[in-house]
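The values are calculated or read from the model by the stated rules, or taken from the named source; none is laboratory data. On a predicted model such as this, the values are computed, not experimentally measured, just so you know. All Cβ positions, even for glycine, are placed from backbone atoms using ideal geometry, and neighbour counts span all protein chains on display. The protein model used for the area step is the full one, side chains on, heavy atoms only, and it has no ligands, DNA or RNA in it. Shrake-Rupley method; radii C 1.70, N 1.55, O 1.52, S 1.80 Å.
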Amino acid sequence: MKLNILVMSAGSIPGVAIIEALRNQNEVPVRVVGADMARLSAGFLLADASHVVSGAHQPDFISSILAICRQEQVQVVFPVIDEELQVFADHASRFMAEGIRVITNPPELVRVAKDKSLTARRCAELGVLAPSTLLKEDLGKVPLPPFPLVVKPRDGRGTVGVHVVRNQRELEFFVDQVSNPMIQQFIEGTEFTIDVLTDFDGNLISLVPKERLQVKAGMQVKGRTVKDSQLLDYGADIVKKFGVVPRGNIQCIRAVNGSLYLIEINPKFPASLPFTIKAGVNGPLLLLKMHLGQKVPPMLGQFQENLVMMRVWRELYTHDQSS
């Protein structure tokens, strides 16, 4: 019997990646249902069934998703994009009461990760090194770190609204231009992401560090996997301290002095998920195996080292019968 899976935001880059990760394997038979706000969603061409849904901010969102789950006999739901992460985390128990598992991090982690100023505050509480952080209301009250600085939205995504400022005039301009801004110390160094997978009890299964060789609009478009003991130990420490369960992505910078600074935690699969799968860790598939009660042993360091990814676009085509 096939496992019915619902993938939200099916046309997004991570949504398509999850669909393909589940379709392009033969270990767990699956039937994939895609959901998206857009009628013309690329994920709909890849899924076995599809549903157009409202936005996560709508009051009937959870009820409508539960109705789809009942109709399609869904057993596992994969939330994908930032806008839906908190609402699914907050209502995961409603799904579980009907025998449906939502692949989500704990609600508090999602809340802290969404607000980058809360992430910085939690770093200070946990003794995790992070860039010095100020809010707009702190200006003039506490000393500024030396320029250059970074101005970005507290609740931003990707590189939208992120600006490097090099003097007081630029700081004052962008603090007024950026919505809900925060100011951070600029860290010169090499940026890495670390893909995280744990079991549902928080036991670490896999960490895959990737050097970000080129980034566009906040997405890694060129990268390289690295087996680096400092990064692996660091990732395990962040997972434990923040409670990153069962999947996530850690972004950090190794400064020129070798210190690692936490930039952010993303409680979701990254857009570079296909890169991690190609390196040998199919997170969506492993989560399904654990959902089915199969034992997945730790596989720390069991991925292809020095694998280089170069992202390219591709096109999908269909006939639109509605026009």
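Some observations on this one:
- Calculated log₁₀ intensity ratio I(q)/I(0) where the Debye formula runs over C-alpha points of region 41-166, q = 0.09, 0.13, 0.19, 0.23 Å⁻¹: -0.40, -0.71, -1.09, -1.41
- Spatially proximal lysines relative to K116 (Cα-Cα < 26 Å; intrachain offsets below 8 disregarded): K136, K141, K152, K210, K216, K222, K240, K241, K268
- Longest to shortest principal axis, alpha-carbon extents of region 204-323, angstrom: 57, 41, 25
- Restricting attention to the chain, close to 75% of DSSP beta bridges with both partner residues there are antiparallel.
- Calculated FRET efficiency for the pair H319/D237, C-beta based, R₀ 41 Å, to 0.05: 0.20
- Using the Cβ of D115 as centre and a radius below 11 Å, the other residues enclosed give a net charge of +4, where K and R count +1 and D and E count -1.
- In a simple Cβ point-charge model (Lys, Arg +1; Asp, Glu -1; nothing else charged), region 93-140 has a dipole of about 140 debye relative to its Cα centre.
- Dipole size of the chain about its Cα centre, with +1 on Lys/Arg Cβ and -1 on Asp/Glu Cβ: approximately 400 debye, rounded to the nearest 20.
- Entry comment: accessible area of region 66-220 is 47 Å² per residue, from protein heavy atoms only and a probe of 1.4 Å.
- Region 23-176 - percent of accessible surface contributed by carbon and sulfur, probe 1.4 Å: 52
- With the Kirkwood sum run over all distinct C-alpha pairs, the chain has a hydrodynamic radius of 20.7 Å.
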